[in-house]
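The structure under discussion appears below in the form of structure tokens.
The values are calculated or read from the model by the stated rules, or taken from the named source; none is laboratory data. For clarity, every value in this text was computed on a predicted model and none was experimentally measured. Methodologically, a virtual Cβ is constructed for each residue, glycine included, from the backbone with ideal geometry; neighbour enumeration extends over all protein chains shown.
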Amino acid sequence: MDIKQARKNVIEQQIRPWGGLNVRANQALMEIPRENFVPEEYQKLVFADIEIPLNKTDKMLSPKIEGRILDSLDLKGHENVLEIGTGSGYLTSVLSILSNSVTSIEADIDLHNLAKTKINKLKLNNITLKHESFLPANFQNGEFDSIIVGCALPIINQDLKKLLNQDGKLFVVVGSKNQMHAMLVTRLNDNEWKSKSLFETHLDLMKGSEPSVKFTF
């Protein structure tokens, strides 16, 4: 396989046709070796338009979703970014070359350790990896310029939005079951946010946020 050509094909055949038109972001997606972050048993699917399994429950985002996330955030290089869900560490690494700093949290210890090993090999020095479940109380209001939630949420919690600084942007998939859509939330001032629906999609819900099952008799 011609790796360089395969990376280019992902941009031209998957990301750009699906609305990922940010030139700077697409260049970063090609710079970071995606194949380094894909489990051995799925190496033949490195550049496929699918979510690649990382373990029994977690998946790597598809290239076109990664492209749309970066396109919507339009990072300029000065931003301090929060990523909720490190996963494989691939998008974390891409974010590191597009922003000033990345804080990425992962609840699964095995994924956290594996991502840390792979990221360290790339010698990226502006990434802080944390093994913890996401709690807004662990961060300060207005701490981040950009936030990415790598899984779906039933609703957008106000405490999450407050972590954005003014003009900061949050990418998150909202909804349940087959009714989900990607949202971009921008903080206008201390008490106002603007929300924009980007596209319909589906991601697994954040662990612990799944709605309880109601039984009727």
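Scanning the range 173-192 for residues that are among the charged types (D, E, K, R) and either surrounded by 20 or more Cβ atoms within 10 Å (Cβ to Cβ) or assigned to a strand (DSSP E or B) (or both) yields Arg187, Glu192. Scanning the range 140-172 for residues that are over 15 Å from Ser209 (Cβ atoms), in a strand (DSSP E or B) and of a type in the set (Gly, Ala, Ser) yields Ser146, Gly168.
Residues checked against (1) free of Cβ contacts under 8 Å to residues at least 12 places away in the same chain; (2) of a type outside the set (Phe, Trp, Tyr):
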{"residue": "Phe37", "(1), (2)": "no, no"}
{"residue": "Lys44", "(1), (2)": "yes, yes"}
{"residue": "Phe47", "(1), (2)": "no, no"}
{"residue": "Ile52", "(1), (2)": "no, yes"}
{"residue": "Lys59", "(1), (2)": "no, yes"}
{"residue": "Ile65", "(1), (2)": "no, yes"}
{"residue": "Leu70", "(1), (2)": "no, yes"}
{"residue": "Val81", "(1), (2)": "no, yes"}
{"residue": "Thr86", "(1), (2)": "no, yes"}
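Do we have Lys123 as more than 17 Å from Val38 (Cβ to Cβ) and charged (D, E, K, R) here? Here the answer is yes, as Lys123 does meet what is asked.
Right, Arg68: out of contact with any Lys or Arg (no Cβ under 6 Å at 6 or more places or on another chain) and farther than 30 Å from Gly208 by Cβ or not? No, not satisfied.
Let's see how each residue does on (1) surrounded by fewer than 22 Cβ atoms within 10 Å (Cβ to Cβ); (2) among the hydrophobic types (A, V, I, L, M, F, W, C); (3) modelled with pLDDT of 95 or more:
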site: Asn55; (1), (2), (3): yes, no, yes
site: Glu66; (1), (2), (3): no, no, yes
site: Leu73; (1), (2), (3): no, yes, yes
site: Asn80; (1), (2), (3): yes, no, yes
site: Tyr90; (1), (2), (3): no, no, yes
site: Val94; (1), (2), (3): no, yes, yes
site: Leu98; (1), (2), (3): no, yes, yes
